[in-house]
Ligand SMILES: [Zn+2]
């Protein structure tokens with residue numbers, strides 16, 4: 001046959017990106033984050049713990065990102081992986097609960 005086309009690449013050898021990135025950007029990814037987006041959230045968490053108001057983080061990065069920062073405060077496993085003290089995060093989280 002004249003127009004015999006090459007076989008399509010198989011999808012079965014690759015996993016489908018079906019997780020929504022945890023930074024709140026809404027993009028699909030294979031793991032928890034799109035490459036580099038974990039650093040965004042880590043930076044947000046560090047700024048928040050250091051005293052940056054969540055409203056300011058939200059103003060610059062958007063509400064889904066601010067929500068991701070707040071959610072991460074309760075994720076002890078992720079905080080530990082990032083070398084962030086969970087007690088610091090808990091205290092910062094309490095301040096937000098009080099303010100809102
Ligand atoms: Zn993302």
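The values are calculated or read from the model by the stated rules, or taken from the named source; none is laboratory data. Just so you know, these numbers come straight off a predicted model, no measurement behind them. A quick note on method: Cβ atoms are made from the backbone with ideal geometry, for glycine too, and the neighbour counts reach across all protein chains shown.
Within region 30-63, which residues are within 15 Å of residue 89 (Cβ to Cβ) and surrounded by 19 or more Cβ atoms within 10 Å (Cβ to Cβ)?
41, 42, 44, 45, 48, 49, 54, 57
Hey, could you check region 18-29 for residues that are under 12 Å from the mean Cα position of the chain (by Cα) and either more than 10 Å from the ligand (Cβ to nearest atom) or touching a residue at least 24 places away in the same chain (Cβ under 8 Å) (or both) and say which is surrounded by the fewest Cβ atoms within 10 Å (Cβ to Cβ)? Spell out how you get there, then give the answer.
Applying the first criterion (under 12 Å from the mean Cα position of the chain (by Cα)) to region 18-29 yields 19-29.
When the remaining residues are screened for being either more than 10 Å from the ligand (Cβ to nearest atom) or touching a residue at least 24 places away in the same chain (Cβ under 8 Å) (or both), the result is 19, 22-26.
Numbers: 19: 15, 22: 19, 23: 25, 24: 21, 25: 18, 26: 8.
Per the stated criteria, the residue is 26.
Does residue 6 satisfy the criteria of being at pLDDT below 95 and out of contact with any strand residue (DSSP E or B) (no Cβ under 8 Å at 6 or more places or on another chain)? Reasoning before the result, please.
Numbers: at pLDDT below 95: yes; out of contact with any strand residue (DSSP E or B) (no Cβ under 8 Å at 6 or more places or on another chain): yes.
Criteria met by residue 6.
How do the helices (runs of 4 or more DSSP H) wholly within region 34-100 filter down when requiring 3 or more residues that are modelled with pLDDT of 95 or more and under 27 Å from residue 17 (Cβ atoms): which remain?
37-49, 54-61, 63-73, 76-81
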